[in-house]
Amino acid sequence: MVELNKFKFSMKYSQLFGKTSKSIQADADSANAKLLTQGGFVAKQMAGVYNYLPLGLRVLTKIQNIVREEMNAVGGNEILMPAMTQEASYVQTGRDNMDVLFHLQGRDESELVLNPTHEEVVTPLAQKYIFSYRDLPMAVYQIQNKFRNEPRAKSGLLRGREFNMKDMYSFHVSQEDLDAFYNEKMIPAYEKIYQRLGIGNETILTSASGGAFSRYSHEFQTLCDIGEDTVYLCEKCGQAINKEIMEEVTGCLNDKCLNPKDNLVERKAIEVGNIFKLAARFSEAFDFKYADSEGKEQLVQMGCYGIGPSRLMGALVEVFHDDKGIIWPKSVAPYAVHLVSLGADDNVNEEAAKLYEKLTGKGIEVLWDDRDASAGAKLADADLIGIPTRLVLSKKTLAEDSVEVKERNEKDAEMVKLSDILKKI
Ligand code: ATP
Ligand code: MG
């Protein structure tokens, strides 16, 4: 199988574009903004707009690939839609007055917008290829940057004006088919994504307002004090309700639980995903119909499913860090191993080069700090960058034919014989 997004495998730190920096940007208002900037993962362009440097792009791409695998597993077809669109499509759905829309003008004075989401693009697109019940169900998705003129871009990657989103859209013959896909495929697929990202335990299925389309939509909320959302968590069944709809409810909305309202616990959370039953909201606007088995025209039923890889990258840092830096989950860490060679000693450097080749040859992604810098600086950088396993090679460890191994999330290091290192990792 052809592997998508194959990176340059291992890397010498001296060759890496974008190094650590201790000078914190003035508005680092959150752990993710501070640590991702200091660690050389991202560089701020302007409020809510970031450059991704090689380390940051590796993390973002790994998050995207986990999302991509789970969308493919439920039968999603990956496509790529344009970032800009004619404003007329938004007039057609009545959404041209949305306050987050960025407006542009073409040379011919045509009115254009940067898409904040893609219902206005995907619905007429699907209409070109779906005609009959035989063409349904169908699901398409993309992983792309979205643009929103947010009133308050803040908290690093958590709220951007340009940010990355995976958005999937599903098309169905009936409300029942949409319900089944939504409940049996999409909710479990999203849960799997958060588990693989290491935040399965703190990410809660949350009922939220459904807008015009259905009674409730579902958000996935990662419990975290920096989150902008307030949710009411049912500690009995592990589901939650967004504060914005609390007035309408009498208790937990999980019909197998129904824990009364007073028992729910208020928590702050980051919205990391949102799934909606659109039903016929957009198919009606574009007159998107299919012919049923009797040849009768029916409106297509739609669902939409968003998740924010860039916000997730920020959320992971918020959940997984300490006072020294980031602690990446293995599944998305930029590299698996941070090899640190200490002292400008030819023998140490030769042994480090051998170890670097050996690990890389076995398919282990290694970042080798090969710089001529102090032990203190190199070890502090390794903690800041947050790669799961640190290997330190020095004259002292070589005297024992060993390398010092330390996991980023553990306190103590351990000496391991060089001949045993592959087994250890
Ligand atoms: P919010 O309530 O936080 O503004 P939203 O409900 O408007 O978000 P959706 O349209 O549901 O967002 O977008 C789907 C997903 O895209 C969200 O769950 C989130 O993960 C991500 N996302 C939305 N807005 C932003 C943003 N400004 N910056 C980064 N990620 C975002
Ligand atoms: Mg949302």
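The values are calculated or read from the model by the stated rules, or taken from the named source; none is laboratory data. Remember, it's a predicted structure, so these values are computed and weren't measured experimentally. No Cβ is skipped: glycine too gets one built from the backbone with ideal geometry, and neighbour counts run over all protein chains shown. These accessible areas exclude ligands, DNA and RNA; they are computed on the full protein's heavy atoms, side chains included. Shrake-Rupley method; radii C 1.70, N 1.55, O 1.52, S 1.80 Å.
Does region 172-185 include one or more residues that are of a type in the set (D, E, K, R), free of Cβ contacts under 8 Å to residues at least 60 places away in the same chain and near ligand 1 (Cβ under 10 Å from one of its atoms)? If you could, list the steps in order and put the result at the bottom.
Keep residues of region 172-185 that are of a type in the set (D, E, K, R), which gives 176-177, 179, 184-185.
Now narrow it down to the ones that are free of Cβ contacts under 8 Å to residues at least 60 places away in the same chain: 176, 184.
Retained after the next criterion (residues that are near ligand 1 (Cβ under 10 Å from one of its atoms)): none.
No, region 172-185 has no match at all.
What number of residues within region 125-152 are within 23 Å of VAL317 (Cα to Cα), surrounded by fewer than 19 Cβ atoms within 10 Å (Cβ to Cβ) and within 16 Å of ligand 2 (Cβ to nearest atom)?
Total meeting the criteria: 2.
Name the single residue, out of those in region 124-167 being within 16 Å of ligand 1 (Cβ to nearest atom) and either assigned to a helix (DSSP H, G or I) or not assigned by TED's automatic domain parsing to the domain that holds SER310 (or both), that is farthest from the chain's Cα centre (by Cα).
GLY156
Just checking, which of GLY376, GLY306, GLY325, GLY386 is within 16 Å of ligand 2 (Cβ to nearest atom) and modelled with pLDDT of 95 or more? If you could, list the steps in order and put the result at the bottom.
On the way: GLY376 fails: within 16 Å of ligand 2 (Cβ to nearest atom); GLY325 fails: within 16 Å of ligand 2 (Cβ to nearest atom); GLY386 fails: within 16 Å of ligand 2 (Cβ to nearest atom).
Residue meeting the stated conditions: GLY306.
Checking the structure you have, find out if any residue of region 225-248 is within 16 Å of ligand 2 (Cβ to nearest atom), within 28 Å of VAL121 (Cβ to Cβ) and in a loop (DSSP other than H, G, I, E, B). So that I can check it myself, show each step before the final result.
Step one: filter region 225-248 for residues within 16 Å of ligand 2 (Cβ to nearest atom), giving 227-231, 240-245.
Next, from what is left, pick out any that are within 28 Å of VAL121 (Cβ to Cβ): 228-229, 242, 244.
Applying the additional criterion that residues be in a loop (DSSP other than H, G, I, E, B) yields 228.
Checked against the condition, which is being within 16 Å of ligand 2 (Cβ to nearest atom), within 28 Å of VAL121 (Cβ to Cβ) and in a loop (DSSP other than H, G, I, E, B), region 225-248 yields at least one hit.
Of (1) of a type in the set (A, V, I, L, M, F, W, C); (2) within 22 Å of the chain's Cα centre (by Cα); (3) within 23 Å of PHE181 (Cβ to Cβ), LEU253 satisfies all except one. Which?
Unmet for LEU253, out of (1) of a type in the set (A, V, I, L, M, F, W, C); (2) within 22 Å of the chain's Cα centre (by Cα); (3) within 23 Å of PHE181 (Cβ to Cβ): (2).
Would you be able to say whether some residue in region 313-332 is assigned to a strand (DSSP E or B), within 16 Å of ligand 1 (Cβ to nearest atom) and farther than 20 Å from GLY40 by Cβ? Spell out how you get there, then give the answer.
Taking region 313-332 and keeping what is assigned to a strand (DSSP E or B), we get 321-322, 325-326.
Checking the rest, the ones that are also within 16 Å of ligand 1 (Cβ to nearest atom) come to none.
Scanning region 313-332, I find no residue that is assigned to a strand (DSSP E or B), within 16 Å of ligand 1 (Cβ to nearest atom) and farther than 20 Å from GLY40 by Cβ, so the answer is no.
Pairs please, first residue from region 40-68 and of a type in the set (Asp, Glu), second anywhere and open to solvent by 10 Å² or more (accessible area, probe 1.4 Å), Cβ atoms under 7 Å, 6+ apart in sequence or on different chains.
Pairs found: none.
Confirm whether MET71 is of a type in the set (A, V, I, L, M, F, W, C), farther than 27 Å from MET168 by Cβ and crowded, with 18+ Cβ neighbours inside 10 Å.
Spelling it out, it is not the case that MET71 is of a type in the set (A, V, I, L, M, F, W, C), farther than 27 Å from MET168 by Cβ and crowded, with 18+ Cβ neighbours inside 10 Å.
Could you list all residues from region 272-301 that are assigned to a loop (DSSP other than H, G, I, E, B), open to solvent by less than 50 Å² (accessible area, probe 1.4 Å) and of a type in the set (Gly, Ala, Ser)? Steps first, please.
Taking region 272-301 first, the residues assigned to a loop (DSSP other than H, G, I, E, B) are 280, 286-288, 292-296, 300.
So of that shortlist, the ones also open to solvent by less than 50 Å² (accessible area, probe 1.4 Å) come out as 280, 286, 288, 292, 300.
Passing the criteria: only ALA280.
Residue under question is GLU294, and the condition is that it be of a type outside the set (Val, Ile, Thr), more than 16 Å from ligand 1 (Cβ to nearest atom) and under 27 Å from LEU157 (Cβ atoms); does it hold?
Values: of a type outside the set (Val, Ile, Thr): yes; more than 16 Å from ligand 1 (Cβ to nearest atom): yes; under 27 Å from LEU157 (Cβ atoms): no.
So GLU294 does not fit the description; no.
In region 252-259, is there at least one residue being over 16 Å from ILE130 (Cα atoms), surrounded by 15 or more Cβ atoms within 10 Å (Cβ to Cβ) and free of Cβ contacts under 8 Å to residues at least 24 places away in the same chain? Working first, answer last.
First pass over region 252-259, keeping only residues over 16 Å from ILE130 (Cα atoms): 252-259.
Still in the list and also surrounded by 15 or more Cβ atoms within 10 Å (Cβ to Cβ): 252-254, 259.
Next cut, free of Cβ contacts under 8 Å to residues at least 24 places away in the same chain only: 252, 254.
Yes - at least one qualifying residue is present in region 252-259.
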